[in-house]
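The values are calculated or read from the model by the stated rules, or taken from the named source; none is laboratory data. Bear in mind the structure is a predicted one, so any value in this text is a computation, not a measurement. Here the Cβ is made from the backbone with ideal geometry for all residues, glycine too, and neighbour counts use every protein chain on show. Accessible surface is based on the protein model in full, side chains and every heavy atom, while ligands, DNA and RNA are left aside. Shrake-Rupley method; radii C 1.70, N 1.55, O 1.52, S 1.80 Å.
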Amino acid sequence: MDLKELLSQFKNDLKNISSLENLEAVRLSYAGKKGALAKMLKDIANLSAEEKKTLGKKINEAKQEIQEKIAEAQGGLAGKKSALPMDKFLKTLPGKKPVTGHLHIISQAISEIVEIFKPLGFTRARYPEIDWEYFAFEALNIPSTHPARDEWETFFIDAPVDKKFGRQVITPHTSNGQVREMLKGNLPIRMLNISRCGRRQEDASHLQTFFQFEGLAIDKGVSITHLKGTLEYFVKNFFGPKRKIRLRPYDFRFTEPSFEVDINCDLCGGAGCKFCKGGWVELGGAGMVHPNVLKAGGIDPNVYTGFAFGWGIERVYMMKGGIKIDDIRHLVNNDLRFLEQF
Ligand code: PHE
């Protein structure tokens with residue numbers, strides 16, 4: 001490229017400049033140490049002394065012209081509000097970091113639970129959070145007139161009733177996924193259903209909207225020892241090797257036998273407090289899948305057996321060692337001063 005071309009290209013570039021940063025880049029590419037003019041000076045090094053003299057002079061004149069034009073443009077840009085004055089820009093001054101957040105603690109707990117169950121072959125499934133009454137109750141061996149329904153303090157949706165499936169509900173537990181999973185027809189089953197649930201309840205240890213995780217394992221020869229082993233495995237991994245659990249006999253309609261699983265309270269160390277009341281905190285239910293539930297899922301209870309458990313995620317998280325949150329509602333108040341601590 002000859003000098004004339006170079007200059008006209010430079011003028012063109014100059015027209016399109018909108019910031020001091022742009023301008024500096026253009027300056028470097030023409031008049032900088034490794035710029036186009038410097039390269040030209042190098043290229044003429046092998047010419048005769050005479051030619052070097054005339055060409056060198058021209059190149060230097062061009063450089064001067066370019067530098068003048070740059071200074072001019074710089075003045076123009078500095079006058080603009082958006083431009084940053086070069087002399088006031090301290091390149092070594094540390095920048096201001098934008099505030100970054102983190103996943104909500106419930107989301108963190110969900111990921112942790114998923115990772116713990118993965119090596120046992122449980123894979124995450126998702127089912128509707130507004131579901132038919134049938135999957136939340138009837139299919140789980142709880143007929144519409146059964147008093148056990150009261151325990152699920154259910155929110156009903158104001159929507160048309162289906163002849164077969166009944167009303168629509170905000171799922172009061174993740175157990176609605178049990179029969180839905182069975183109806184997929186893939187055996188054996190190792191499902192982990194994590195979902196939002198709703199119940200008419202609210203106090204220091206209950207939320208109207210909360211999360212549960214539900215495990216379901218169905219295969220030939222699944223026994224209660226597998227259930228206990230799985231629960232122990234989870235508790236040791238999630239809470240640490242020193243925490244204790246106890247199984248209390250219970251009467252879920254969809255498992256037989258059934259248990260409530262309790263863990264010793266981390267807040268008071270088992271002495272009893274506002275949160276746990278008696279030293280133990282209920283984590284959730286568990287049991288061997290009732291034959292009627294297997295039948296509702298199209299599975300022969302004479303060939304297959306299974307276990308299930310369903311626990312509240314917020315509760316489980318609050319009982320983690322050293323967390324010491326004494327009111328479950330803190331988790332959802334969305335006060336950054338609280339959330340930033342985790
Ligand atoms: N769905 C029950 C509840 O919400 C818990 C449970 C799940 C119990 C699976 C047994 C088996 O209380």
Q: Can you spot the aspartates and glutamates whose alpha carbon is less than 19 Å from Lys11's alpha carbon? Ignore those fewer than 8 places along the same chain.
A: Asp2, Glu21, Glu24, Glu61, Glu65, Glu68, Glu72
Q) Percent of accessible area on the stretch 273-313 owned by carbon and sulfur, 1.4 Å probe? A) 51
Q) How far apart, in nm, are the 7 Å Cα→Cβ label points at Tyr233 and Lys91? A) 5.7
Q: Please report, in whole Å, how far the alpha carbons of the stretch 3-81 spread along each principal axis, starting with the longest.
A: 50, 17, 17
Q. In whole Å and largest first, what semi-axes does the C-alpha gyration tensor of the stretch 105-339 yield when each eigenvalue is scaled by 5 and square-rooted?
A. 28, 22, 16
Q.
Just to verify a number: FRET efficiency for Arg248 and Thr100, C-beta to C-beta distance, R0 = 41 Å, to 0.05?
A. 0.40
Q) If you look at just the Cα atoms of the stretch 137-274, how large are its Rg and its Dmax in Å? A) 17.0, 51
Q: Using +1 at the Cβ of each Lys and Arg and -1 at the Cβ of each Asp and Glu in the chain, identify which of Asn16, Met40, Ile323 lies farthest towards the dipole's positive end.
A: Met40
Q: For the stretch 3-81, give the magnitude of the charge dipole about the Cα centre (Cβ charges: +1 Lys/Arg, -1 Asp/Glu; no others), in debye to the nearest 20.
A: 100
Q) Pulled fully out, how much extra length does the chain show between Glu129 and Lys34, if you take 0.36 nm times their separation in residues and subtract their Cα-Cα distance? A) 27.8 nm
Q. Projected onto the charge dipole of the chain (+1 at Lys/Arg Cβ, -1 at Asp/Glu Cβ, origin at the Cα centre), which of Thr230, Phe275, Thr92 gives the Cα projection farthest towards the positive end?
A. Thr92
**Q.** Calculated FRET value between His146 and Glu256, using beta carbons and R₀ = 22 Å, to 0.05
**A.** 0.90
Q: State the Cα centre-to-centre distance between the stretch 134-202 and the stretch 1-51 in whole Å.
A: 75
(Q) If you count only protein heavy atoms with a 1.4 Å probe, what accessible area per residue comes out for the chain, rounded to a whole Å²? (A) 57
**Q.** the chain - share of DSSP beta bridges that are antiparallel (%, nearest 5)
**A.** 95
Q) How fast does the stretch 26-125 diffuse by Stokes-Einstein, in µm²/s, taking the Kirkwood radius from C-alpha pairs at 37 °C and 0.692 mPa s? A) 166
Q. Given +1 on the Cβ of Lys and Arg, -1 on the Cβ of Asp and Glu, and no further charges, what dipole in debye does the stretch 235-295 carry about its Cα centre, rounded to the nearest 20?
A. 180
Q) When the chain is treated as a GNM, springs tying every alpha-carbon pair under 10 Å, which of Ile110, Ile59, Ile299 comes out with the largest mean-square fluctuation? A) Ile59
(Q) Given contacts defined as C-alpha pairs under 8 Å and at least six residues apart, what's the relative contact order of the chain, whole-number percent? (A) 14
(Q) Relative contact order of the stretch 96-247, please, whole-number percent, based on alpha carbon pairs below 8 angstrom and at least 6 residues apart. (A) 22
Q | the chain - charge dipole about Cα centre, Lys and Arg +1 at Cβ, Asp and Glu -1, debye rounded to 20 | A | 1320
Q: Identify the GluC sites (Glu not before Pro) of the stretch 280-342 meeting these criteria: DSSP loop state and at most 15 other C-beta atoms within 10 Å of the C-beta.
A: Glu340
Q) Going through the stretch 119-210, which GluC sites (Glu not before Pro) have at most 16 other Cβ atoms within 10 Å and a DSSP loop state? A) Glu129, Glu153, Glu202
Q: Determine the gain in length on full extension of the stretch Gln208-Asp327; use 0.36 nm per residue of separation and subtract their C-alpha separation, reporting nm with one decimal.
A: 41.5 nm
Q.
Straight-line reach only, C-alpha to C-alpha below 22 angstrom: list the lysines that Lys15 could link to, leaving out same-chain residues fewer than 8 apart.
A. Lys4, Lys63, Lys69, Lys80, Lys81
(Q) Run the reach check for Lys184 against lysines, Cα to Cα strictly under 28 Å, same-chain hits fewer than 8 apart removed. What comes back? (A) Lys118, Lys163, Lys164, Lys220, Lys228, Lys295
